[in-house]
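Below is one structure, written out as structure tokens; the observations come after it.
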Amino acid sequence: MRKPISQDPKSNREPHGQARPVATVVPLWSVPVPVADIPESGRHIDLTADPATCEAIARAAGVVNLSALQAEFDLAPVARDGVRVLGRVTAAVLQNCVVTLEPVTGQIDEQIDMTFVPPDAGAPPEDVALGLTEEDPPEVLENRVVDLGALAAEFVILGIDPYPRKAGSNFEAPAADEAPAANPFAALAVLKPDSAK
């Protein structure tokens, strides 16, 4: 699972300990949800991307077209102001076949199961930690807000087939020449003086 880009404050220090400005990354789709707005009983959220958002994500992903992008999320608070996000993202994608360059349609259907905790939260609760591994630690919750739009866009891009192929298309490697390749030094051999003379 690809991890969201994080900023380490220690890496943004100028000489004499002064912090330098950090470039702001504008998400392709942004639907911020403050953790404070998630009740103890949890919260369900459904999202549908508008055409402009689909176009922006398609352009960033390098595909011909992206449509019918929808996401559903179930949010549940965890200890120390964290949140667990369970969800699903679906979309229709149009790409070019890597063999014939003809249009290929496909469906994206990605499951999401992530936990976000504030940077000062320490270790996650035991019930959450049981479902995590060293390779899949909790994500950092910036400003006590989880951006569901950015999360959905990220998983949609991850779900795109990097090598789409039209049904029945096969890549055929060029046939090898039966005749042995000409020796590039053959001409030099003719010009080389005969040492016996």
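Only the coordinates and a few stated rules stand behind these numbers; no lab work does. Everything quoted here is computed from the prediction, not taken from an experiment. Note that we place each Cβ from the backbone using ideal geometry, even for glycine, and neighbour counts take in every protein chain shown.
If you rank GLU139, GLU55 by fewest surrounding Cβ atoms within 10 Å, what's the result?
Listed from fewest to most nearby Cβ atoms, that is GLU55, GLU139.
Counting other beta carbons within 10 Å of each Cβ, put CYS97, CYS54 in order, fewest first.
CYS97, CYS54
Once the Cα gyration tensor of region 26-163 is diagonalised, what are the square roots of 5 times its eigenvalues, in whole Å and ordered largest first, as equivalent ellipsoid semi-axes?
31, 16, 12
State the answer as a single residue: which of ALA152, CYS54, THR90 lies farthest towards the positive end of the charge dipole of region 26-163, with beta carbon charges of +1 for Lys and Arg and -1 for Asp and Glu, about the Cα centre.
It is CYS54.
For ARG165 and LEU86, FRET efficiency with R0 = 35 Å and r from the beta-carbon atoms, rounded to 0.05?
Once the sixth-power term is evaluated, E becomes 0.60.
About its Cα centre, what dipole magnitude does region 26-163 give when the only charges are +1 on Lys and Arg Cβ and -1 on Asp and Glu Cβ, stated in debye to the nearest 20?
Dipole of region 26-163, to the nearest 20 debye: 340 debye.
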